């Protein structure tokens, strides 16, 4: 298969016109050789996943997170990192493709919704079509759902709002990745909100409204969706495809 075969297939599943205006999904670096020898799929581009592709003889990397956004000309450390990675890919002849908010809207949140066995699923934020809200087929207490989420996502230290742990949870809002901007919508439409990148004031608001709020982590909430994407690609693309799980960029210190 060549580069266009791969990108056409991915975009038939996750159309680029679904991506947010600020996003930069799609082919960001074209491989030196159009014939694709292998693909490595991961969450975020870094030196390690590039080395993984080199070692496996793959010449295309597909990640959820793009290298650049609309402020790509801004001189900051993140874009210095991206420029360095871009040069590394170009030297090695490896292409890079990103599936970001278009993938979020079609697939990412649904993976976690299925693991939680949610029904009557609807979009959380109607303006962007990001996130989902659904009903639990079996009701849980806040405490029990925290235990279930921790097990599903393999989180050893969950950050949650300090409200009554015996509260009954029937309706769940989900936005994998960074979803604090949708907290108000979640409070109005669900009994609990699962997302990542929450801050102090997010939890302050949740406690004021006596609302269960859980930071499930950017990495932990998205890597399962990327793994699902890799499996789907393996079923439909007849070339070597490897899933790179990577790891989170932080650890929780334990005494």
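Laboratory data are not the source of any read-out in this text; all were calculated from the coordinates shown. Model, not experiment: these values are computed from the prediction. Cβ placement follows ideal geometry from the backbone for every residue including glycine, while neighbour counts extend to all protein chains displayed.
Thinking of segment 110-255 as a set of Cα atoms, what percent of all their pairs are more than 28 Å apart?
19 percent
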For the chain, what are the per-bin percents of Cα-Cα distances with bins 5 Å wide, up to the bin holding the maximum? 1, 6, 13, 16, 18, 15, 12, 9, 6, 3, 1, 0
Kirkwood Rh, Cα Rg: Rg to Rh for segment 1-75? 0.97
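Tell me whether segment 161-245 comes out rounded, prolate or oblate; compute the Cα gyration tensor, take square roots of the eigenvalues as a ≥ b ≥ c, and use a/c under 1.5 as the rounded threshold.
prolate
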Counting each DSSP H run of 4 or more residues in the chain as -39500 (n - 2.57), what helix-only mean residue ellipticity at 222 nm follows after dividing by all residues, to the nearest 500 deg cm²/dmol? -11000 deg cm²/dmol
A correct fewest-to-most ranking of 80, 94, 216 by other Cβ atoms within 10 Å would be 80, 94, 216
Could you give the angle, 0 to 90 degrees to the nearest 10, between helix 3-13's Cα long axis and the longest principal axis of the Cα atoms of the chain? 20 degrees
Please give the direction-averaged projected area of the C-alpha convex hull for segment 9-133, in square nanometres with one decimal. 9.0 nm²
How far, in degrees from 0 to 90, does helix 47-56 lean away from the longest principal axis of the Cα atoms of the chain, to the nearest 10? 50 degrees
Inter-label distance, nm, simple model (7 Å from Cα along the C-beta direction), residue 115/residue 154: 1.0 nm
What spacing in nm lies between the two simple spin-label points modelled at residue 135 and residue 252, each 7 Å away from Cα in the Cβ direction? 3.2 nm
To test your reading of the geometry: what angle, between 0 and 90 degrees and rounded to tens, separates the Cα axis of helix 142-153 from the longest principal axis of the chain? 10 degrees
Which of 91, 169, 152 has the fewest Cβ neighbours within 10 Å, and the rest in rising order: 91, 152, 169
Where does each of 65, 100 land when they are ranked from fewest to most other beta-carbon atoms within 10 angstrom? 65, 100
All Cα pairs of segment 133-189, percent lying beyond 16 Å: 51 percent
Could you check the simple spin-label distance between residue 184 and residue 204, using points 7 Å along Cα→Cβ, in nm with one decimal? 1.6 nm
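When DSSP beta bridges are limited to those with both residues in the chain, what percentage is antiparallel, rounded to the nearest 5?
Percentage antiparallel, nearest 5: 45.
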